[in-house]
1. Within the stretch 21-33, can you find the residues that are among the small types (Gly, Ala, Ser) and surrounded by 12 or more Cβ atoms within 10 Å (Cβ to Cβ)?
2. Within the stretch 192-222, work out how many residues are open to solvent by 40 Å² or more (accessible area, probe 1.4 Å) and β-branched (Val, Ile, Thr).
3. Condition first: under 18 Å from the mean Cα position of the chain (by Cα) and aliphatic (A, V, I, L, M). Now tell me which residues in the stretch 38-54 satisfy that.
4. Give the number of residues within the stretch 170-191 that are outside any helix (DSSP H, G or I) and surrounded by 22 or more Cβ atoms within 10 Å (Cβ to Cβ).
5. Looking at Leu49, Leu71, Leu88, Leu65, which is the one that is touching a Leu at 6+ places or on another chain (Cβ under 9 Å), open to solvent by less than 30 Å² (accessible area, probe 1.4 Å), in a helix (DSSP H, G or I) and in contact (Cβ under 8 Å) with a residue 12 or more places away in the chain?
6. Would you pick out the residues in the stretch 34-46 that are part of a helix (DSSP H, G or I) and open to solvent by 60 Å² or more (accessible area, probe 1.4 Å)?
7. Can you name the number of the only condition in (1) within 28 Å of Met254 (Cα to Cα); (2) under 18 Å from the mean Cα position of the chain (by Cα); (3) open to solvent by less than 50 Å² (accessible area, probe 1.4 Å) that Met57 fails?
8. Taking the stretch 127-163, which residues are in a helix (DSSP H, G or I), open to solvent by 20 Å² or more (accessible area, probe 1.4 Å) and without any contact (Cβ under 8 Å) to a residue 60 or more places away in the chain?
Amino acid sequence: MSLKNWLSKLGAPLRDYVESIGFGARTFGSMLGLSPGLLKRPRLVIEQLHFIGNYSMLIITLSGLFVGMVLGLQGYYTLNKYGAEQSLGLLVALGLTRELGPVITALLFAGRAGTSLTAEIGLMKAGEQLSAMEMMAVNPIQRVLAPRFWAGALSVPLLASVFSAVGVLGGWLVGVQLIGVDDGAFWSQMQGGVDIYKDIFNGFAKSVVFGIAITFIALYQGYEAQPTPEDVARATTRTVVISSLMIWWLDFMMTALMFSK
């Protein structure tokens, strides 16, 4: 194999990767630029908010309850070794609002709603519905992608708040009702130790970033997929993998920036 052929095979994946980044950035910019048009048709966003967010509520609520119960149980066994079991409420609240609430909600959202968005857009492309819109002078980015993007970006913070609230309830059920931790100490320690800005607001900011990233990845994978059933299936798999890795990377970066002071 000549050096020229070897370099061409080595550079082809890199070129495709750079092209993909450029196409994604252009799509994201177009979607943001066309989003003000949704103010005239807010029903498009509301419908997608119901489809994306409301249908994810059950799995988020149940997961939050069980995560809070497990966190309360494990936290009690750990704190009891040091005689600090009265701080169980603080431990549960901080663990949920800072990390577990935004991260687990984002992972569940990527697996449930993200794959659904990718499959929906991919099938619309395979069925030539997006091409038909362009033939009718309807921009598919504004009509199809933008409403789903903003609905997903709004859904994740709301679902993360529900996850954390239900998780605290689960920790209370295990710690206070099942084990016997003092009820007043559980809530007073939580109230005195959780900071609205540093803990709650920073966790909320994480969920906003996660929602934007997951939703765009899901929409982009469906929009970029080849119009074949096989490639649509591969696109849904890529959505889960890329979204999961992106969540962990963003979580590390944002945690380092928020809580390093």
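The values are calculated or read from the model by the stated rules, or taken from the named source; none is laboratory data. All values reported here derive from a predicted model rather than from experimental measurement. Cβ atoms come from the backbone with ideal geometry, glycine included; neighbour counts cover every protein chain shown. Ligands, DNA and RNA are excluded from the accessible area calculation, which covers all protein heavy atoms including side chains. Shrake-Rupley method; radii C 1.70, N 1.55, O 1.52, S 1.80 Å.
1. Taking the stretch 21-33 as the starting set, the residues that turn out to be among the small types (Gly, Ala, Ser) are 22, 24-25, 29-30, 33.
Passing the criteria: Gly24, Ser30, Gly33.
2. 5
3. Within the stretch 38-54, the first condition is being under 18 Å from the mean Cα position of the chain (by Cα), and the residues that meet it are 45, 48-54.
Val45, Leu49, Ile52 - these are the residues of the stretch 38-54 that are under 18 Å from the mean Cα position of the chain (by Cα) and aliphatic (A, V, I, L, M).
4. If we filter the stretch 170-191 for residues that are outside any helix (DSSP H, G or I), which is where we start, we get 180-182.
Still in the list and also surrounded by 22 or more Cβ atoms within 10 Å (Cβ to Cβ): 181.
Looking only at that region, the number is 1.
5. Numbers: Leu49 fails: open to solvent by less than 30 Å² (accessible area, probe 1.4 Å); Leu71 fails: open to solvent by less than 30 Å² (accessible area, probe 1.4 Å); Leu65 fails: open to solvent by less than 30 Å² (accessible area, probe 1.4 Å).
After applying the criteria, what remains is Leu88.
6. Within the stretch 34-46, Pro36, Leu39, Lys40, Pro42, Arg43, Ile46 meet the criteria.
7. All conditions are met except number (3).
8. Those that are in a helix (DSSP H, G or I), open to solvent by 20 Å² or more (accessible area, probe 1.4 Å) and without any contact (Cβ under 8 Å) to a residue 60 or more places away in the chain: Gln129, Ser131, Ala132, Met133, Glu134, Met135.
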